[in-house]
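The values are calculated or read from the model by the stated rules, or taken from the named source; none is laboratory data. Note that the structure is a prediction, hence the values are computed from the model and not measured. Positions of Cβ are generated from backbone atoms using ideal geometry, with glycine treated the same way; all protein chains shown enter the neighbour counts. We work out accessible area using only protein heavy atoms, side chains counted, and drop any ligands, DNA or RNA first. Shrake-Rupley method; radii C 1.70, N 1.55, O 1.52, S 1.80 Å.
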Amino acid sequence: MSVTPHAGPATGPAQVPGPAGDGRTARRPLVLRLLARPEVGVLLGALAVLVFFLIAAPSLRQGSSMATVLYQSSTIGIMALPVALLMIGGEFDLSAGVAVISSALTASMLSYQLTVNVWTGVVVALVLSLGVGALNGWMVTRTGLPSFLVTLGTFLILQGVNLAVTKLVTDNVATDDISDMDGFGQAKKIFASSVGIGGVQVKITVFYWLAFAALATWLLLRTRYGNWVFAVGGSAQSARAVGVPVTFTKITLFMLVGLGAWFTGMHNLFSFNTVQSGEGVGQELIYISAAVIGGCLLTGGHGTAIGPVFGAFMFGMVNQGIVFAGWNPDWFKAFLGVMLLGAVLINLWVRRTATRR
């Protein structure tokens, strides 16, 4: 199923069957129609990767090992979802990786240095993350500059601020341990706890990841806002001409990325109690790659929320599969490059197939 980027429900004249044998009106085979769906190609790829590593690394067949794979996938997938929505809307955010660390650093240092309940730091970090997203969106819509350039500037600013402020405040490159502070236990249960299923401990981020994917799918396919996202990604000028609030849509999409960065940052903080200020660099490429592998076109206006779920799963499977197979982990980057190039070629074929009459 493909979603037509209009501001309202798609309508059109009823199709009249043409003469027998007329290639212009013949219905395409079911296989081609299924392959034209953005998420089908990556689903097949994810299944292939899963089968490959189940054979190459027998220890992955254990429940605890698969829980580790799902956890690794969820930490990527939670951020890949808002990044994918932003890409469907025709924009990029290169600051997504360091924004995660900025959020965690803010919550940690504010709580520790002011000796307040950690929830105070969590709330301030949320406001900061949403503010950075709103600023990115406002600058893109206000100036007309490519989001690549705007968010590249934000990336460099946040990267420098993360390192400089952390060293200034803590005299170190990492924050202090906040595990004994008020509110830490409650926050850890919400952001970084585990759930026992059949004797296997599954991180709560896995359930958040799937819930967020379902919510994003509903948002894209069942709401007016979802139509706006596809519309501005297809053509912002045309969308504006039919009454779509382009500025509002783009700014809120950047703010969703900020929301994802905040949630992921809180998980990192309450999982490890401290935060390394230099982390996050390069993660934005992982998030974007998971979205691209999941069927989101680089040109915008096309994609789903389910595709990036499978894309993130492929990353988690490869990342952990290489470890369980006993291979050199340096090969992960090579696998990443192969998957990305393969996804771009598949997406090109899918786009041509979906538009072919």
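Filter segment 290-300 down to the residues that are surrounded by 22 or more Cβ atoms within 10 Å (Cβ to Cβ) and assigned to a loop (DSSP other than H, G, I, E, B), then identify the one that is farthest from the chain's Cα centre (by Cα).
Applying the filter and picking the extreme gives 300.
Residue by residue, here is whether (1) in contact with a His (Cβ under 7 Å, 6 or more places away or on another chain); (2) open to solvent by less than 50 Å² (accessible area, probe 1.4 Å); (3) of a type in the set (Asp, Glu); (4) at pLDDT 95 or above holds:
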position	(1), (2), (3), (4)
236	no, yes, no, no
240	no, no, no, no
243	no, no, no, no
249	no, yes, no, yes
254	no, yes, no, yes
259	no, no, no, yes
263	no, yes, no, yes
266	no, yes, no, yes
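Under the condition of being of a type in the set (A, V, I, L, M) and over 11 Å from residue 272 (Cα atoms), which residue from segment 174-196 is farthest from the chain's Cα centre (by Cα)?
Going through the qualifying residues, I end up with 181.
Taking the options 97, 90, 131, name whichever one is in contact (Cβ under 8 Å) with a residue 60 or more places away in the chain and at positive phi.
Matching residue, one of 97, 90, 131: 90.
Which residues, taken from segment 107-140, are farther than 29 Å from residue 305 by Cα and not small (Gly, Ala, Ser)?
If the condition is that a residue be farther than 29 Å from residue 305 by Cα and not small (Gly, Ala, Ser), then 109, 110, 112, 113, 114, 115, 116, 117, 118, 119, 120 are the ones that fit.
Being more than 19 Å from the chain's Cα centre (by Cα) and open to solvent by less than 50 Å² (accessible area, probe 1.4 Å) is the filter here, so list the residues in segment 199-227 that pass it.
Those that are more than 19 Å from the chain's Cα centre (by Cα) and open to solvent by less than 50 Å² (accessible area, probe 1.4 Å): 200, 202, 223, 227.
Output yes when any residue across segment 191-203 is more than 30 Å from residue 310 (Cβ to Cβ) and hydroxyl-bearing (Ser, Thr, Tyr), and no when none is.
no
Could you look through segment 171-192, keep only residues that are of a type in the set (Gly, Ala, Ser) and either touching a His at 6+ places or on another chain (Cβ under 6 Å) or loosely packed, with under 15 Cβ neighbours inside 10 Å (or both), and pick out the one that is farthest from residue 63 (Cα to Cα)?
The selected residue is 179.
Filter segment 41-82 down to the residues that are touching a residue at least 12 places away in the same chain (Cβ under 8 Å), of a type in the set (Gly, Ala, Ser) and either more than 20 Å from residue 207 (Cβ to Cβ) or surrounded by fewer than 14 Cβ atoms within 10 Å (Cβ to Cβ) (or both) and list them by number.
Matches in segment 41-82: 41, 45, 56, 57, 59, 63, 64.
Between residues in segment 272-289 that are surrounded by fewer than 17 Cβ atoms within 10 Å (Cβ to Cβ) and residues that are not hydrophobic (A, V, I, L, M, F, W, C), which pairs lie under 8 Å by C-beta distance while being six or more apart or on different chains?
Between residues of segment 272-289 that are surrounded by fewer than 17 Cβ atoms within 10 Å (Cβ to Cβ) and residues that are not hydrophobic (A, V, I, L, M, F, W, C), the close pairs are 278/162; 281/97; 281/159; 282/97; 285/97.
Considering only residues of segment 31-40 that are open to solvent by 60 Å² or more (accessible area, probe 1.4 Å) and either of a type outside the set (Lys, Arg) or modelled with pLDDT of 85 or more (or both), which is farthest from residue 307 (Cα to Cα)?
31
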